[in-house]
Amino acid sequence: QVQLVESGGGLVQPGGSLRLSCAAPGSRWAIHVMGWYRQAPGKERELVATISSSGSTNYADSVKGRFTISRDNAKNTVYLQMNSLKPEDTAVYSCNARASPLGVPPNLFSNFWGQGTQVTVSS
């Protein structure tokens, strides 16, 4: 299995910045896509941003121009730089990875989730 370790959440004022990290240390899986989802109180979980092994990215419309997702394939780590944060960004942010065991075709994949990290944007 893939163990995802998240860090970087916390309390920040509106307009501030946070950088989230998600790592899969010692993974023996090939990770094809990594990304971040979030869930605010009373709302369903939604996509924030994803990045594939080829570098292709997708962003939710609500974060375009403010958030940037990046990756370090050598470390199996994904980052989410969040700038110009708004109160509506407050949510639990969870890392996701789509991965296959090493040597297995990438179409035979599984999804893995981190435990989530709280981001609170408030004055």
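Looking only at segment 36-77, residues that are touching a Cys at 6+ places or on another chain (Cβ under 9 Å) and aliphatic (A, V, I, L, M) come to 0 in all. Which count do you get for residues in segment 58-92 that are in contact with a Gly (Cβ under 7 Å, 6 or more places away or on another chain) and either part of a loop (DSSP other than H, G, I, E, B) or more than 19 Å from Gly114 (Cβ to Cβ) (or both)? Final tally of qualifying residues: 2. Listed by position, the strands (runs of 3 or more DSSP E) inside segment 1-48 whose residues that are closer than 16 Å to Asn111 by Cβ and either modelled with pLDDT under 95 or touching a Pro at 6+ places or on another chain (Cβ under 7 Å) (or both) number at least 3 are 29-39. Just to be sure before I move on: is Gly55 part of a loop (DSSP other than H, G, I, E, B), at negative phi and open to solvent by less than 40 Å² (accessible area, probe 1.4 Å) in the structure I sent? Against the criterion (part of a loop (DSSP other than H, G, I, E, B), at negative phi and open to solvent by less than 40 Å² (accessible area, probe 1.4 Å)), Gly55 does not qualify. Looking at (1) under 14 Å from the mean Cα position of the chain (by Cα); (2) farther than 18 Å from Arg28 by Cα; (3) part of a strand (DSSP E or B), which one does Asn111 not meet, given that it meets all the others? All conditions are met except number (2). Restricting attention to segment 61-118 and to residues that are among the β-branched types (Val, Ile, Thr) and open to solvent by 30 Å² or more (accessible area, probe 1.4 Å), the residue that is farthest from Pro14 (Cα to Cα) turns out to be Val104.
Within segment 20-36, how many residues are in contact with a Leu (Cβ under 7 Å, 6 or more places away or on another chain) and open to solvent by 60 Å² or more (accessible area, probe 1.4 Å)? Total satisfying the criteria: 1.
The values are calculated or read from the model by the stated rules, or taken from the named source; none is laboratory data. Nothing here was measured: the structure is a model prediction, and the numbers come from that model. All Cβ positions, glycine included, derive from the backbone under ideal geometry; neighbour counts span all protein chains shown. When the accessible area is computed, the model is the full protein with side chains, heavy atoms only, and any ligands, DNA or RNA have been set aside. Shrake-Rupley method; radii C 1.70, N 1.55, O 1.52, S 1.80 Å.
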